[in-house]
């Protein structure tokens, strides 16, 4: 599988990378919220040991080994949410989300 960017997210990441000189987007998860996992997106300034790198039309997405199984297959979008602009994630591995939508669980968490 792969992690992909919608056209809007692709343009946003491409612009951030061009403006900052970053290598690409760093994407993964962290323990947070009521459900357990939260998506994390930031600029990648280095490739770390164990990273998997997906490339989409010249834009690279760096994912650490611990996050890969939890985010593989995710489509990253960008848009308005209320008054904010933010990245949004369609993660096929998420089996449930908390009420506020900030964190998610997977089938492995239920085991």
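The values are calculated or read from the model by the stated rules, or taken from the named source; none is laboratory data. Just so you know, these numbers come straight off a predicted model, no measurement behind them. Heads up, the Cβs are rebuilt from the backbone with ideal geometry, glycines too, and the neighbour counts pull from every protein chain shown.
Tell me, which strands (runs of 3 or more DSSP E) wholly within the chain include 3 or more residues that are modelled with pLDDT under 95? It would help to see each step written out before you state the result.
Working: elements: 24-32, 36-44, 52-56, 59-63, 75-81, 84-90, 94-97, 104-106.
Qualifying strands (runs of 3 or more DSSP E): 24-32, 36-44, 75-81, 84-90, 94-97, 104-106.
Restricting the search to segment 50-71, which residues are surrounded by 12 or more Cβ atoms within 10 Å (Cβ to Cβ) and farther than 21 Å from residue 107 by Cβ?
Hits for segment 50-71 are 51, 53, 54, 56, 59, 60, 61, 62.
Tell me which residues, restricted to segment 33-49, are within 16 Å of residue 11 (Cα to Cα), surrounded by 15 or more Cβ atoms within 10 Å (Cβ to Cβ) and within 10 Å of the chain's Cα centre (by Cα).
The answer is 41, and nothing else.
Could you give every pair whose Cβ atoms fall below 9 Å, whose first residue belongs to segment 13-42 and is without any contact (Cβ under 8 Å) to a residue 12 or more places away in the chain and at negative phi, and whose second residue is buried (at least 16 other Cβ atoms within 10 Å of the Cβ) and outside any strand (DSSP E or B), counting only separations of at least 6 or pairs across chains?
Between residues of segment 13-42 that are without any contact (Cβ under 8 Å) to a residue 12 or more places away in the chain and at negative phi and residues that are buried (at least 16 other Cβ atoms within 10 Å of the Cβ) and outside any strand (DSSP E or B), the close pairs are 30/67; 31/103.
Keeping to segment 1-24, report how many residues are in contact with a helix residue (DSSP H, G or I) (Cβ under 7 Å, 6 or more places away or on another chain) and under 15 Å from residue 65 (Cα atoms).
1
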